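The values are calculated or read from the model by the stated rules, or taken from the named source; none is laboratory data. Keep in mind it's a predicted model, so treat the numbers as computed, not measured. No Cβ is skipped: glycine too gets one built from the backbone with ideal geometry, and neighbour counts run over all protein chains shown. Note: accessible area is taken over every heavy atom of the protein model, side chains too, but ligands, DNA and RNA are not part of it. Shrake-Rupley method; radii C 1.70, N 1.55, O 1.52, S 1.80 Å.
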Amino acid sequence: MKIKRIAIAGAGVAGISILKFFVNDKRFGKNLEIDIYDAPKTMGRGYAYQHDDDHLVINLPAEEMSLTADSDDYIKWLEKTGHEVKSFTSRRVYGEYMHSTLTSFSDAHDNINIIKKYAENIVFNEESGTYTLRADNVSCDYDAVFLMTGELSYSDPYKLKGDSNYFYNPYPIEDNLKHLTGRIGIIGSGLSAIDSFRYLIRNGHKKVYVLSRSGEMPAVRGTHFDIEPQHFTLEAALQYERDGLIPLEKLLGLFKLEMEAQQVDSSLFERKTDRPEIDLKYDLEHPESVGKLQYLITDLEETFKVLFKYLSRRDKRTFLKEYHPYISGNHSPMPPYGANEILQWIDEGKLVFMHGMESASADNGFTVTFDDGKSEHFDILINATGPVKSIEKDDTKLLQNMYDAMLLEADEFGGVLINKNHEIISPRFGTLENFYTIGALSAGSDYLIRGVGMLASETEDLVNHFFEHGL
Ligand SMILES: Cc1cc2nc3c(=O)[nH]c(=O)nc-3n(C[C@H](O)[C@H](O)[C@H](O)COP(=O)(O)OP(=O)(O)OC[C@H]3O[C@@H](n4cnc5c(N)ncnc54)[C@H](O)[C@@H]3O)c2cc1C
(Lines give C-alpha, C1' and ligand atoms only; values in the text may rest on other atoms or scores of the structure.)
Protein backbone atom coordinates (compact mmCIF):
# COMPACT_ATOMS: atom_id res chain seq x y z
CA MET A 1 0.00 0.00 0.00
CA LYS A 2 1.40 3.37 -1.02
CA ILE A 3 0.92 5.93 1.72
CA LYS A 4 -0.26 9.36 0.57
CA ARG A 5 1.17 12.27 2.51
CA ILE A 6 -1.01 15.33 3.12
CA ALA A 7 -0.04 18.75 4.52
CA ILE A 8 -2.55 21.15 6.03
CA ALA A 9 -0.99 24.61 6.41
CA GLY A 10 -3.00 26.52 9.05
CA ALA A 11 -4.90 25.05 11.99
CA GLY A 12 -7.81 27.47 12.34
CA VAL A 13 -11.48 26.76 11.62
CA ALA A 14 -10.79 25.71 8.02
CA GLY A 15 -7.73 23.54 8.76
CA ILE A 16 -9.44 21.71 11.63
CA SER A 17 -12.58 21.25 9.55
CA ILE A 18 -10.51 19.63 6.79
CA LEU A 19 -9.11 17.25 9.39
CA LYS A 20 -12.61 16.56 10.71
CA PHE A 21 -13.86 15.52 7.29
CA PHE A 22 -10.83 13.30 6.77
CA VAL A 23 -11.18 11.39 10.04
CA ASN A 24 -14.95 11.07 9.71
CA ASP A 25 -14.71 9.58 6.22
CA LYS A 26 -14.80 5.81 5.85
CA ARG A 27 -12.06 6.07 3.21
CA PHE A 28 -9.66 7.46 5.84
CA GLY A 29 -7.12 4.96 7.15
CA LYS A 30 -3.46 4.07 7.43
CA ASN A 31 -3.11 4.83 3.72
CA LEU A 32 -2.95 8.53 4.64
CA GLU A 33 -0.44 10.44 6.75
CA ILE A 34 -1.52 13.99 7.63
CA ASP A 35 0.74 16.78 8.98
CA ILE A 36 -0.98 19.93 10.20
CA TYR A 37 1.16 23.07 10.56
CA ASP A 38 0.67 26.28 12.56
CA ALA A 39 2.60 28.49 15.00
CA PRO A 40 2.42 27.32 18.65
CA LYS A 41 0.24 30.28 19.72
CA THR A 42 -2.42 29.87 17.05
CA MET A 43 -2.22 26.09 16.58
CA GLY A 44 -5.77 24.79 16.87
CA ARG A 45 -7.25 28.22 17.54
CA GLY A 46 -6.74 30.28 14.44
CA TYR A 47 -6.33 33.98 14.52
CA ALA A 48 -9.76 35.02 15.82
CA TYR A 49 -10.00 32.58 18.73
CA GLN A 50 -6.68 33.06 20.52
CA HIS A 51 -6.30 33.75 24.22
CA ASP A 52 -7.80 37.21 24.64
CA ASP A 53 -10.21 39.29 26.68
CA ASP A 54 -13.37 37.38 27.64
CA HIS A 55 -15.63 40.19 26.48
CA LEU A 56 -14.73 39.43 22.86
CA VAL A 57 -17.71 37.31 21.94
CA ILE A 58 -18.42 35.12 18.94
CA ASN A 59 -21.29 36.29 16.74
CA LEU A 60 -22.90 32.89 16.12
CA PRO A 61 -24.95 30.87 18.61
CA ALA A 62 -23.13 27.90 20.21
CA GLU A 63 -25.72 25.59 18.65
CA GLU A 64 -24.27 26.42 15.20
CA MET A 65 -20.61 26.06 16.12
CA SER A 66 -19.90 22.32 16.29
CA LEU A 67 -16.64 21.17 14.73
CA THR A 68 -17.47 17.47 14.61
CA ALA A 69 -20.12 15.27 13.01
CA ASP A 70 -22.33 15.77 16.09
CA SER A 71 -24.05 19.18 15.78
CA ASP A 72 -24.39 19.46 19.59
CA ASP A 73 -20.70 18.84 20.10
CA TYR A 74 -19.80 22.37 21.20
CA ILE A 75 -22.68 22.52 23.72
CA LYS A 76 -21.68 19.10 25.10
CA TRP A 77 -18.06 20.22 25.33
CA LEU A 78 -19.11 23.36 27.27
CA GLU A 79 -21.07 21.17 29.72
CA LYS A 80 -18.32 18.58 30.06
CA THR A 81 -15.57 21.11 30.68
CA GLY A 82 -17.57 23.13 33.24
CA HIS A 83 -18.00 26.25 31.09
CA GLU A 84 -21.22 28.19 31.26
CA VAL A 85 -23.55 26.86 28.56
CA LYS A 86 -24.79 29.94 26.76
CA SER A 87 -25.56 30.87 23.20
CA PHE A 88 -22.85 33.47 22.64
CA THR A 89 -19.60 32.34 24.21
CA SER A 90 -16.32 34.23 24.22
CA ARG A 91 -13.98 33.72 21.28
CA ARG A 92 -11.30 32.49 23.72
CA VAL A 93 -13.54 29.67 24.98
CA TYR A 94 -14.34 28.70 21.40
CA GLY A 95 -10.58 28.60 20.73
CA GLU A 96 -10.19 26.15 23.62
CA TYR A 97 -12.88 23.97 22.12
CA MET A 98 -11.16 24.11 18.72
CA HIS A 99 -7.84 23.23 20.30
CA SER A 100 -9.26 20.29 22.24
CA THR A 101 -10.99 19.02 19.06
CA LEU A 102 -7.70 19.12 17.18
CA THR A 103 -5.88 17.37 20.04
CA SER A 104 -8.53 14.65 20.22
CA PHE A 105 -8.16 13.96 16.47
CA SER A 106 -4.40 13.60 16.77
CA ASP A 107 -4.62 11.53 19.99
CA ALA A 108 -7.03 9.13 18.32
CA HIS A 109 -4.98 8.70 15.11
CA ASP A 110 -1.24 8.17 15.06
CA ASN A 111 -1.18 9.11 11.37
CA ILE A 112 -2.12 12.73 12.24
CA ASN A 113 0.85 14.84 13.28
CA ILE A 114 0.73 18.32 14.78
CA ILE A 115 3.73 20.37 13.67
CA LYS A 116 4.10 23.61 15.60
CA LYS A 117 5.79 25.57 12.86
CA TYR A 118 4.79 28.10 10.23
CA ALA A 119 5.15 26.96 6.64
CA GLU A 120 7.65 29.26 4.91
CA ASN A 121 7.47 28.01 1.37
CA ILE A 122 5.70 25.41 -0.77
CA VAL A 123 7.25 24.31 -4.05
CA PHE A 124 5.68 22.22 -6.83
CA ASN A 125 7.78 19.34 -8.18
CA GLU A 126 6.58 19.11 -11.76
CA GLU A 127 7.98 15.65 -12.57
CA SER A 128 6.54 13.80 -9.60
CA GLY A 129 3.45 16.02 -9.21
CA THR A 130 4.30 16.39 -5.51
CA TYR A 131 4.80 19.40 -3.24
CA THR A 132 7.69 20.25 -0.94
CA LEU A 133 6.79 22.24 2.15
CA ARG A 134 9.56 24.02 4.04
CA ALA A 135 9.16 25.01 7.68
CA ASP A 136 12.02 26.07 9.93
CA ASN A 137 14.56 24.85 7.37
CA VAL A 138 13.08 21.34 7.30
CA SER A 139 11.59 20.20 3.98
CA CYS A 140 8.96 17.48 3.58
CA ASP A 141 7.32 16.11 0.44
CA TYR A 142 3.55 15.77 0.12
CA ASP A 143 1.07 14.38 -2.39
CA ALA A 144 -1.58 16.92 -1.43
CA VAL A 145 -1.63 20.32 0.28
CA PHE A 146 -4.52 22.16 1.91
CA LEU A 147 -3.60 25.84 2.20
CA MET A 148 -5.80 26.99 5.08
CA THR A 149 -3.88 30.06 6.24
CA GLY A 150 -6.88 32.35 6.78
CA GLU A 151 -6.91 36.12 6.40
CA LEU A 152 -4.12 37.92 4.58
CA SER A 153 -1.78 40.15 6.57
CA TYR A 154 -3.08 43.32 8.19
CA SER A 155 -3.36 46.46 6.10
CA ASP A 156 -1.41 49.58 6.99
CA PRO A 157 -3.22 52.36 5.06
CA TYR A 158 -1.04 55.22 6.34
CA LYS A 159 2.29 53.31 6.28
CA LEU A 160 2.95 53.72 9.99
CA LYS A 161 4.03 50.15 10.76
CA GLY A 162 7.11 50.18 12.97
CA ASP A 163 6.43 53.60 14.58
CA SER A 164 6.36 53.44 18.35
CA ASN A 165 2.87 53.89 19.81
CA TYR A 166 1.30 52.69 16.56
CA PHE A 167 -0.53 49.40 17.00
CA TYR A 168 -0.49 47.91 13.55
CA ASN A 169 -2.73 45.02 14.59
CA PRO A 170 -4.77 45.23 17.80
CA TYR A 171 -5.08 41.45 18.38
CA PRO A 172 -4.63 39.88 20.90
CA ILE A 173 -6.22 42.95 22.46
CA GLU A 174 -5.43 41.98 26.03
CA ASP A 175 -1.69 41.82 25.26
CA ASN A 176 -1.46 44.89 23.02
CA LEU A 177 -3.87 47.42 24.49
CA LYS A 178 -3.19 46.95 28.19
CA HIS A 179 -1.87 49.92 30.21
CA LEU A 180 -1.99 52.48 27.38
CA THR A 181 -1.91 56.13 28.42
CA GLY A 182 -2.41 59.30 26.41
CA ARG A 183 -4.83 60.46 23.72
CA ILE A 184 -5.86 57.37 21.78
CA GLY A 185 -7.27 57.27 18.25
CA ILE A 186 -8.60 54.07 16.68
CA ILE A 187 -8.49 53.94 12.89
CA GLY A 188 -11.60 52.24 11.45
CA SER A 189 -15.17 51.83 12.69
CA GLY A 190 -15.87 48.14 12.04
CA LEU A 191 -15.92 45.12 14.34
CA SER A 192 -12.20 45.29 15.25
CA ALA A 193 -12.56 48.97 16.20
CA ILE A 194 -15.52 48.07 18.40
CA ASP A 195 -13.49 45.28 20.06
CA SER A 196 -10.69 47.79 20.70
CA PHE A 197 -12.68 50.68 22.18
CA ARG A 198 -14.88 48.37 24.26
CA TYR A 199 -11.76 46.92 25.84
CA LEU A 200 -10.21 50.35 26.48
CA ILE A 201 -13.33 51.97 27.95
CA ARG A 202 -14.21 48.93 30.06
CA ASN A 203 -10.68 49.05 31.41
CA GLY A 204 -10.90 52.62 32.60
CA HIS A 205 -10.02 54.88 29.65
CA LYS A 206 -11.86 58.17 30.02
CA LYS A 207 -12.05 59.04 26.32
CA VAL A 208 -11.33 57.22 23.06
CA TYR A 209 -11.53 58.65 19.52
CA VAL A 210 -12.77 56.60 16.57
CA LEU A 211 -11.31 57.87 13.29
CA SER A 212 -12.62 56.73 9.95
CA ARG A 213 -13.25 57.81 6.42
CA SER A 214 -17.02 57.30 6.34
CA GLY A 215 -18.08 56.75 9.96
CA GLU A 216 -20.29 53.82 9.00
CA MET A 217 -20.76 51.24 11.74
CA PRO A 218 -22.10 47.70 11.57
CA ALA A 219 -25.88 47.35 11.91
CA VAL A 220 -27.61 46.24 15.12
CA ARG A 221 -29.16 42.78 15.23
CA GLY A 222 -32.96 42.97 14.88
CA THR A 223 -35.72 40.46 15.59
CA HIS A 224 -35.20 36.94 14.30
CA PHE A 225 -37.35 35.89 11.31
CA ASP A 226 -37.41 32.58 9.46
CA ILE A 227 -37.77 33.43 5.81
CA GLU A 228 -38.93 30.94 3.22
CA PRO A 229 -37.68 32.30 -0.13
CA GLN A 230 -40.34 32.42 -2.85
CA HIS A 231 -38.56 34.12 -5.75
CA PHE A 232 -34.83 34.25 -5.07
CA THR A 233 -34.22 30.52 -5.48
CA LEU A 234 -31.59 28.54 -7.37
CA GLU A 235 -34.27 27.07 -9.58
CA ALA A 236 -35.66 30.46 -10.57
CA ALA A 237 -32.21 31.97 -11.16
CA LEU A 238 -30.86 29.06 -13.18
CA GLN A 239 -33.63 29.59 -15.73
CA TYR A 240 -31.68 32.66 -16.84
CA GLU A 241 -28.43 30.76 -17.30
CA ARG A 242 -26.92 31.18 -20.79
CA ASP A 243 -23.41 29.98 -21.69
CA GLY A 244 -22.67 29.39 -18.02
CA LEU A 245 -23.57 32.94 -16.98
CA ILE A 246 -26.54 34.54 -15.27
CA PRO A 247 -26.98 38.33 -15.78
CA LEU A 248 -26.78 40.35 -12.56
CA GLU A 249 -29.88 42.32 -13.54
CA LYS A 250 -31.94 39.09 -13.47
CA LEU A 251 -30.72 38.31 -9.96
CA LEU A 252 -31.48 41.87 -8.85
CA GLY A 253 -34.98 41.45 -10.31
CA LEU A 254 -35.54 38.25 -8.30
CA PHE A 255 -34.17 39.91 -5.18
CA LYS A 256 -36.58 42.84 -5.56
CA LEU A 257 -39.51 40.43 -5.99
CA GLU A 258 -38.38 38.58 -2.86
CA MET A 259 -38.22 41.80 -0.87
CA GLU A 260 -41.75 42.69 -1.93
CA ALA A 261 -43.08 39.20 -1.16
CA GLN A 262 -41.49 39.26 2.28
CA GLN A 263 -42.65 42.86 2.81
CA VAL A 264 -39.16 44.16 3.44
CA ASP A 265 -38.89 47.89 2.90
CA SER A 266 -36.14 48.52 0.34
CA SER A 267 -35.56 52.07 1.65
CA LEU A 268 -33.91 50.39 4.67
CA PHE A 269 -30.83 49.91 2.52
CA GLU A 270 -30.47 53.70 2.47
CA ARG A 271 -31.14 54.27 6.16
CA LYS A 272 -27.56 54.87 7.24
CA THR A 273 -26.42 58.45 7.79
CA ASP A 274 -22.91 57.41 8.88
CA ARG A 275 -23.50 59.10 12.21
CA PRO A 276 -23.41 56.33 14.83
CA GLU A 277 -25.63 58.15 17.34
CA ILE A 278 -28.39 58.28 14.69
CA ASP A 279 -27.80 54.93 12.96
CA LEU A 280 -27.55 52.77 16.09
CA LYS A 281 -30.64 54.41 17.58
CA TYR A 282 -32.59 53.83 14.37
CA ASP A 283 -31.80 50.11 14.35
CA LEU A 284 -32.59 49.74 18.07
CA GLU A 285 -35.94 51.48 17.57
CA HIS A 286 -36.91 49.40 14.51
CA PRO A 287 -35.93 45.80 15.44
CA GLU A 288 -38.75 44.24 13.40
CA SER A 289 -38.10 45.86 10.03
CA VAL A 290 -34.30 45.80 10.40
CA GLY A 291 -34.38 42.16 11.59
CA LYS A 292 -36.46 41.15 8.59
CA LEU A 293 -33.92 42.67 6.22
CA GLN A 294 -30.99 41.03 8.04
CA TYR A 295 -32.56 37.58 8.13
CA LEU A 296 -33.63 37.91 4.49
CA ILE A 297 -29.96 38.49 3.63
CA THR A 298 -28.83 35.60 5.86
CA ASP A 299 -31.44 33.23 4.46
CA LEU A 300 -30.53 34.05 0.84
CA GLU A 301 -26.80 33.87 1.47
CA GLU A 302 -26.41 30.17 0.66
CA THR A 303 -28.24 30.62 -2.64
CA PHE A 304 -26.33 33.74 -3.58
CA LYS A 305 -23.03 32.05 -2.77
CA VAL A 306 -23.77 29.56 -5.58
CA LEU A 307 -25.11 32.20 -7.99
CA PHE A 308 -22.07 34.46 -7.47
CA LYS A 309 -20.04 31.94 -9.48
CA TYR A 310 -22.35 32.50 -12.46
CA LEU A 311 -21.71 36.25 -12.72
CA SER A 312 -19.62 37.60 -15.57
CA ARG A 313 -16.46 39.53 -14.73
CA ARG A 314 -18.23 42.82 -15.49
CA ASP A 315 -21.24 41.91 -13.35
CA LYS A 316 -19.00 40.82 -10.47
CA ARG A 317 -17.27 44.20 -10.60
CA THR A 318 -20.60 46.02 -10.62
CA PHE A 319 -21.98 43.88 -7.82
CA LEU A 320 -18.95 44.29 -5.56
CA LYS A 321 -18.75 48.05 -6.14
CA GLU A 322 -22.41 49.00 -6.04
CA TYR A 323 -24.34 46.33 -4.14
CA HIS A 324 -21.95 44.50 -1.82
CA PRO A 325 -21.64 47.52 0.56
CA TYR A 326 -25.39 47.25 1.22
CA ILE A 327 -25.03 43.55 2.04
CA SER A 328 -21.95 43.96 4.24
CA GLY A 329 -23.59 46.91 6.03
CA ASN A 330 -26.38 44.60 7.16
CA HIS A 331 -24.36 41.42 7.60
CA SER A 332 -22.66 40.41 10.90
CA PRO A 333 -24.69 42.87 13.01
CA MET A 334 -23.71 43.71 16.59
CA PRO A 335 -25.97 42.68 19.48
CA PRO A 336 -28.40 45.34 20.82
CA TYR A 337 -26.65 45.51 24.22
CA GLY A 338 -23.41 46.44 22.41
CA ALA A 339 -25.19 49.25 20.55
CA ASN A 340 -26.78 50.56 23.77
CA GLU A 341 -23.37 50.57 25.42
CA ILE A 342 -21.91 52.60 22.53
CA LEU A 343 -24.76 55.12 22.66
CA GLN A 344 -24.27 55.53 26.39
CA TRP A 345 -20.52 56.11 25.93
CA ILE A 346 -21.20 58.70 23.20
CA ASP A 347 -23.62 60.44 25.59
CA GLU A 348 -21.10 60.43 28.41
CA GLY A 349 -18.40 61.83 26.11
CA LYS A 350 -16.24 58.71 26.49
CA LEU A 351 -16.45 57.84 22.81
CA VAL A 352 -15.94 60.43 20.09
CA PHE A 353 -16.44 59.60 16.41
CA MET A 354 -14.53 61.66 13.87
CA HIS A 355 -15.09 60.93 10.22
CA GLY A 356 -13.65 62.26 6.98
CA MET A 357 -10.17 61.00 7.93
CA GLU A 358 -7.73 61.62 5.10
CA SER A 359 -4.22 60.97 6.36
CA ALA A 360 -2.05 60.20 9.36
CA SER A 361 1.62 60.89 9.88
CA ALA A 362 4.06 60.39 12.74
CA ASP A 363 5.54 63.48 14.44
CA ASN A 364 6.14 63.14 18.14
CA GLY A 365 2.89 61.22 18.29
CA PHE A 366 0.58 61.36 15.29
CA THR A 367 -1.16 64.05 13.28
CA VAL A 368 -4.42 63.01 11.67
CA THR A 369 -5.97 65.25 9.02
CA PHE A 370 -9.60 65.37 7.88
CA ASP A 371 -11.34 66.32 4.66
CA ASP A 372 -12.54 69.63 6.16
CA GLY A 373 -8.88 70.68 6.47
CA LYS A 374 -8.74 70.28 10.27
CA SER A 375 -6.16 68.16 12.04
CA GLU A 376 -5.89 66.45 15.43
CA HIS A 377 -2.99 65.13 17.47
CA PHE A 378 -2.90 61.68 19.10
CA ASP A 379 -0.31 60.02 21.33
CA ILE A 380 -1.36 56.53 20.28
CA LEU A 381 -2.97 55.17 17.10
CA ILE A 382 -4.57 51.74 16.92
CA ASN A 383 -5.04 50.37 13.43
CA ALA A 384 -8.35 48.50 13.17
CA THR A 385 -8.71 48.57 9.39
CA GLY A 386 -8.56 44.78 8.88
CA PRO A 387 -6.58 42.63 6.45
CA VAL A 388 -5.53 43.47 2.89
CA LYS A 389 -7.54 41.86 0.09
CA SER A 390 -4.89 41.33 -2.54
CA ILE A 391 -2.06 38.83 -2.16
CA GLU A 392 0.24 41.33 -3.88
CA LYS A 393 -0.01 43.42 -0.72
CA ASP A 394 0.34 40.52 1.71
CA ASP A 395 3.68 40.53 3.51
CA THR A 396 3.83 36.98 4.91
CA LYS A 397 6.74 34.80 3.87
CA LEU A 398 4.72 31.84 2.63
CA LEU A 399 2.39 33.73 0.31
CA GLN A 400 5.11 36.06 -0.92
CA ASN A 401 7.39 33.12 -1.75
CA MET A 402 4.66 31.27 -3.63
CA TYR A 403 3.48 34.41 -5.41
CA ASP A 404 7.02 35.28 -6.41
CA ALA A 405 7.60 31.75 -7.75
CA MET A 406 4.40 32.14 -9.80
CA LEU A 407 2.73 29.28 -8.01
CA LEU A 408 -0.12 31.62 -7.06
CA GLU A 409 -1.91 34.30 -9.08
CA ALA A 410 -4.00 37.11 -7.60
CA ASP A 411 -7.73 37.03 -8.35
CA GLU A 412 -8.88 40.58 -9.09
CA PHE A 413 -11.81 40.03 -6.69
CA GLY A 414 -9.59 38.96 -3.78
CA GLY A 415 -7.45 35.97 -2.80
CA VAL A 416 -5.94 33.68 -5.45
CA LEU A 417 -7.12 32.08 -8.67
CA ILE A 418 -8.73 28.68 -8.10
CA ASN A 419 -10.93 26.36 -10.14
CA LYS A 420 -14.42 25.31 -9.12
CA ASN A 421 -13.00 22.45 -7.03
CA HIS A 422 -10.92 24.92 -5.01
CA GLU A 423 -7.69 23.70 -6.61
CA ILE A 424 -5.12 26.47 -7.06
CA ILE A 425 -4.40 27.69 -10.59
CA SER A 426 -0.76 28.60 -11.07
CA PRO A 427 0.36 30.95 -13.88
CA ARG A 428 3.43 28.74 -14.29
CA PHE A 429 2.03 25.19 -14.01
CA GLY A 430 -1.70 25.51 -14.68
CA THR A 431 -4.17 23.81 -12.36
CA LEU A 432 -2.30 22.29 -9.43
CA GLU A 433 -3.94 18.98 -8.68
CA ASN A 434 -4.42 18.15 -5.00
CA PHE A 435 -3.46 21.69 -3.94
CA TYR A 436 -6.53 23.21 -2.36
CA THR A 437 -7.50 26.44 -0.61
CA ILE A 438 -10.62 27.98 0.90
CA GLY A 439 -11.42 30.99 3.08
CA ALA A 440 -9.84 34.42 2.63
CA LEU A 441 -7.71 33.02 -0.20
CA SER A 442 -10.82 31.94 -2.12
CA ALA A 443 -12.60 35.27 -1.59
CA GLY A 444 -12.69 36.04 -5.31
CA SER A 445 -14.67 32.88 -6.05
CA ASP A 446 -16.58 32.35 -2.82
CA TYR A 447 -18.90 35.11 -1.72
CA LEU A 448 -18.95 35.65 2.07
CA ILE A 449 -17.38 32.28 2.90
CA ARG A 450 -15.12 33.35 5.74
CA GLY A 451 -17.42 32.83 8.74
CA VAL A 452 -17.26 29.74 10.91
CA GLY A 453 -20.61 28.35 9.71
CA MET A 454 -19.77 28.17 6.02
CA LEU A 455 -16.12 27.19 6.41
CA ALA A 456 -16.97 24.36 8.77
CA SER A 457 -19.27 22.80 6.15
CA GLU A 458 -17.86 23.85 2.75
CA THR A 459 -14.50 22.25 3.50
CA GLU A 460 -16.18 18.85 3.06
CA ASP A 461 -16.24 19.34 -0.73
CA LEU A 462 -12.45 19.69 -0.81
CA VAL A 463 -11.88 16.49 1.17
CA ASN A 464 -14.39 14.63 -1.00
CA HIS A 465 -12.67 15.87 -4.12
CA PHE A 466 -9.34 14.62 -2.82
CA PHE A 467 -10.79 11.18 -2.00
CA GLU A 468 -12.34 10.94 -5.47
CA HIS A 469 -9.37 12.21 -7.49
CA GLY A 470 -6.25 12.26 -5.34
CA LEU A 471 -6.01 8.70 -4.03
C1 LIG B 1 -11.06 39.29 15.39
C2 LIG B 1 -11.95 38.42 14.56
C3 LIG B 1 -13.17 38.00 15.04
C4 LIG B 1 -13.99 37.17 14.30
N5 LIG B 1 -15.18 36.77 14.82
C6 LIG B 1 -15.95 35.92 14.12
C7 LIG B 1 -17.16 35.43 14.66
O8 LIG B 1 -17.55 35.79 15.76
N9 LIG B 1 -17.90 34.56 13.89
C10 LIG B 1 -17.50 34.17 12.66
O11 LIG B 1 -18.20 33.38 12.02
N12 LIG B 1 -16.35 34.63 12.14
C13 LIG B 1 -15.58 35.49 12.83
N14 LIG B 1 -14.41 35.94 12.29
C15 LIG B 1 -14.02 35.51 10.96
C16 LIG B 1 -12.95 34.44 11.09
O17 LIG B 1 -11.91 34.83 10.21
C18 LIG B 1 -13.49 33.07 10.80
O19 LIG B 1 -14.41 32.75 11.81
C20 LIG B 1 -12.49 31.92 10.81
O21 LIG B 1 -11.67 32.00 11.94
C22 LIG B 1 -11.64 31.85 9.59
O23 LIG B 1 -11.05 30.58 9.61
P24 LIG B 1 -9.75 30.21 8.81
O25 LIG B 1 -9.39 28.84 9.23
O26 LIG B 1 -9.94 30.50 7.39
O27 LIG B 1 -8.69 31.25 9.34
P28 LIG B 1 -8.03 31.35 10.78
O29 LIG B 1 -8.98 30.91 11.82
O30 LIG B 1 -7.41 32.68 10.90
O31 LIG B 1 -6.87 30.25 10.73
C32 LIG B 1 -5.78 30.34 9.88
C33 LIG B 1 -4.59 29.77 10.62
O34 LIG B 1 -3.52 29.64 9.71
C35 LIG B 1 -2.33 29.97 10.37
N36 LIG B 1 -1.29 30.30 9.39
C37 LIG B 1 -1.14 31.44 8.68
N38 LIG B 1 -0.05 31.35 7.91
C39 LIG B 1 0.50 30.14 8.13
C40 LIG B 1 1.64 29.47 7.64
N41 LIG B 1 2.47 30.05 6.76
N42 LIG B 1 1.91 28.21 8.07
C43 LIG B 1 1.09 27.61 8.98
N44 LIG B 1 -0.01 28.21 9.49
C45 LIG B 1 -0.29 29.46 9.07
C46 LIG B 1 -2.72 31.11 11.28
O47 LIG B 1 -1.79 31.23 12.35
C48 LIG B 1 -4.09 30.67 11.75
O49 LIG B 1 -4.03 29.94 12.93
C50 LIG B 1 -13.58 36.77 13.03
C51 LIG B 1 -12.35 37.21 12.51
C52 LIG B 1 -11.54 38.02 13.28
C53 LIG B 1 -10.23 38.48 12.71
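Observations
- C-alpha long axis of helix 287-308 to longest principal axis of the chain, angle in °: 30 degrees
- For the chain, the longest principal axis of the alpha carbon atoms and the long axis of helix 248-261 meet at an angle near 60°.
- Pairwise Cα separations in the stretch 396-459 fall into 5 Å bins from 0 onward with the following percentages, short to long: 4, 20, 27, 26, 15, 7, 1.
- FRET E, pair ARG313, GLU63, Förster distance 56 Å, beta-carbon r, rounded to 0.05: 0.90
- Qualifying lysines (Cα of each under 27 Å from Cα of LYS26; at least 8 residues distant if same chain): LYS2, LYS4, LYS76, LYS420
- Computed over protein heavy atoms with a 1.4 angstrom probe, the accessible surface ordering of SER71, SER153, largest first, is SER71, SER153.
- For the chain, the longest principal axis of the alpha carbon atoms and the long axis of helix 336-347 meet at an angle near 40°.
- Pairs of Lys residues in the stretch 234-328 that lie 8 or more places apart, or on two chains, and have C-alpha atoms under 19 angstrom apart add up to 15.
- Ranked by the mean number of other Cβ atoms within 10 Å per residue, highest first, peptides 397-407, 321-331 order as 397-407, 321-331.
- A straight line joining the Cα centroids of the stretch 195-218 and the stretch 144-183 runs 16 Å.
- Within straight-line reach of LYS80, meaning a Cα separation under 25 Å, sit the following lysines at least 8 residues removed in sequence or on another chain: LYS20, LYS41.
- Probe 1.4 Å, all protein chains present, accessible-area order of ARG134, ARG91, ARG428, largest first: ARG428, ARG134, ARG91
- Calculated [θ] (222 nm, deg cm²/dmol) that DSSP helices of n ≥ 4 give over the chain, each run adding -39,500 (n - 2.57): -10000 deg cm²/dmol
- Summing charges over neighbours of TYR49, with a neighbour being any other residue whose Cβ is under 14 Å away from its Cβ, gives -3 when K and R count +1 and D and E count -1.
- Inverse mean reciprocal Cα-Cα distance (Kirkwood Rh) of the chain, Å: 23.9 Å
- Rounded to the nearest 20 debye, dipole of the chain from Cβ charges on Lys, Arg, Asp, Glu: 660 debye
- Sequence-distant aspartates and glutamates (8 or more away, or on other chains) whose Cα lies within less than 18 Å of LYS30: ASP107, ASP110, ASP141, ASP143, GLU468
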